[in-house]
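First the structure, in the form of structure tokens, and then the observations on it.
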Amino acid sequence: MRAIQVRETGGPEVLAPVELPDPEPAPGEVLVELGAAGVNFIDTYQRSGVYRMEVPFVPGLEGAGTVAAVGSGVTRFSPGDRVAWAQTSGSYAERVAVPADGAVLVPDAVSDEQAAAMPLQGMTAHYLVASTRPVGHGDTVLVHAAAGGVGLLLVQLAKARGARVLGTVSTDEKEHLARTAGADEIIRYTDADVAEEVRRLTDGAGVDVVYDGVGRDTFDASLASLRPRGMLVLFGGSSGQVPPFDLQRLNSGGSLFVTRPTLAHHIADRAELEWRARELFDLITSGRLDLRIGGRYPLRDARAAHEDLEARRTSGKLLLLPA
Ligand code: NDP
């Protein structure tokens, strides 16, 4: 099968198209014929060595496709079923061995592309607004990189729950996308003082929650944008990781909360995984959640997808398609 392999961590050029033997489904796994693989910012951390990986490895954590074979002990799925998954290494490949317990059945009305665009960014946006700090009517939230993959979904889910949503973006086009997704106010964080703008837009109050996946470049402004007892949800570092900081700042900032959650701890339980997937698939099939596909690349061009993602040229979801 064709796949992308990283033999040595580094820049996007280390994403090499290769021929590999088809994987065998181990006990508890299903072998999936890939329909589409999702590209996520975390793939760039693994490729570059920010997150340590054993080399060589096939990157990619997420995808959707059709079950071709099942390993021993699998009763959940049969050949021909369409499935999607979020946490399986080796997804940049024509065939992927996926643990059955981590996969979900895809409804007929959802395409492979939609299904591959949902798991990682969709379930992240879901746990951030539904579990980390349940958001509802009366809340004002700030979403950084509001036109990104997680960002566009966070804006829509927070709006659907009744919140007022402020978003940050870097370009006109991204501003348009974030507003179309439902953002009430947009701040150009490349030009403006974010905390000052947030105070102006909230009559000095600050926001209840900041969802910050940008990290190093936004962290200070995120803390300064909160109302007393507000929560900073740091869920990534697309601009770099946040250095250690003085906890006393939470006191002087107004009894603030900071948390650093990750998806794995929010879908480890099978019932929780199915709940999040079901809610998202329902929103997609009823047209209430738009999974914007911002770029489709042939699998062999994974390098171009990473270059575009890291250069801030992308919006929404990026997919790799087997040629
Ligand atoms: P995005 O599509 O959001 O891409 C990153 C965006 O970040 C860019 O488009 C850009 O938007 C913004 N950005 C700001 N500064 C930089 C910079 N210096 N370099 C690159 N981009 C920058 O990616 P994802 O949706 O895949 O992921 C978003 C974040 O969420 C990542 O940090 C990722 O690691 C994290 N994440 C965390 C999870 C968790 O459970 N903790 C799960 C999934 C994702 P703009 O041009 O508007 O500034």
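The values are calculated or read from the model by the stated rules, or taken from the named source; none is laboratory data. Every value quoted in this text rests on a predicted model; they were computed, and no experiment measured them. Heads up, the Cβs are rebuilt from the backbone with ideal geometry, glycines too, and the neighbour counts pull from every protein chain shown. Side chains included, ligands, DNA and RNA excluded: accessible areas come from the protein's heavy atoms. Shrake-Rupley method; radii C 1.70, N 1.55, O 1.52, S 1.80 Å.
Laid out as a table, the results:
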item: Tabulated pairs, region 185-205, first among the small types (Gly, Ala, Ser), second in a loop (DSSP other than H, G, I, E, B), C-beta under 9 angstrom, 6+ apart or interchain; result: 195/206; 195/225
item: Out of 96, 18, 55, sole residue that is part of a loop (DSSP other than H, G, I, E, B), under 27 Å from residue 307 (Cβ atoms) and out of contact with any Cys (no Cβ under 6 Å at 6 or more places or on another chain); result: 55
item: Checklist (1) farther than 25 Å from residue 275 by Cα; (2) more than 11 Å from the ligand (Cβ to nearest atom); (3) surrounded by fewer than 20 Cβ atoms within 10 Å (Cβ to Cβ); (4) not hydroxyl-bearing (Ser, Thr, Tyr) applied to residue 197, failing item; result: (3)
item: Candidates 66, 75, filtered to the one that is part of a strand (DSSP E or B) and open to solvent by 20 Å² or more (accessible area, probe 1.4 Å); result: 66
item: Failed condition for residue 46, given (1) farther than 20 Å from residue 322 by Cα; (2) surrounded by 15 or more Cβ atoms within 10 Å (Cβ to Cβ); (3) among the polar types (S, T, N, Q); (4) away from the ligand (no atom under 15 Å from the Cβ); result: (4)
item: Test: residue in region 262-275 that is without any contact (Cβ under 8 Å) to a residue 40 or more places away in the chain, surrounded by 13 or more Cβ atoms within 10 Å (Cβ to Cβ), assigned to a helix (DSSP H, G or I) and within 16 Å of the ligand (Cβ to nearest atom); result: yes
item: Inter-residue pairs, beta-carbon under 7 Å, first under 18 Å from residue 114 (Cβ atoms) and in a strand (DSSP E or B) and in region 309-323, second of a type in the set (D, E, K, R) and modelled with pLDDT of 95 or more, 6+ apart; result: 317/292; 319/113; 319/296; 321/296
item: Filter result (within 13 Å of the ligand (Cβ to nearest atom) and either open to solvent by 30 Å² or more (accessible area, probe 1.4 Å) or of a type in the set (Phe, Trp, Tyr) (or both)) within region 180-189; result: 188, 189
item: Some residue of region 108-129 being farther than 17 Å from residue 226 by Cα and among the β-branched types (Val, Ile, Thr); result: yes
item: Which numbered condition residue 148 fails, given (1) more than 16 Å from the ligand (Cβ to nearest atom); (2) open to solvent by 10 Å² or more (accessible area, probe 1.4 Å); (3) not polar (S, T, N, Q); result: (1)
item: Condition met for residue 124 (over 28 Å from residue 58 (Cα atoms) and touching a residue at least 12 places away in the same chain (Cβ under 8 Å)); result: no
item: Matching residues, region 303-323, being closer than 22 Å to residue 87 by Cα and more than 14 Å from the ligand (Cβ to nearest atom); result: 303, 321, 322
item: Any chance residue 104 is surrounded by 19 or more Cβ atoms within 10 Å (Cβ to Cβ), aliphatic (A, V, I, L, M) and free of Cβ contacts under 8 Å to residues at least 60 places away in the same chain; result: no
item: Breaking point among (1) in a helix (DSSP H, G or I); (2) within 16 Å of the ligand (Cβ to nearest atom); (3) of a type outside the set (Ser, Thr, Tyr); (4) under 13 Å from residue 36 (Cα atoms), for residue 113; result: (2)
item: Condition met for residue 245 (more than 16 Å from the ligand (Cβ to nearest atom) and among the aromatic types (Phe, Trp, Tyr)); result: yes
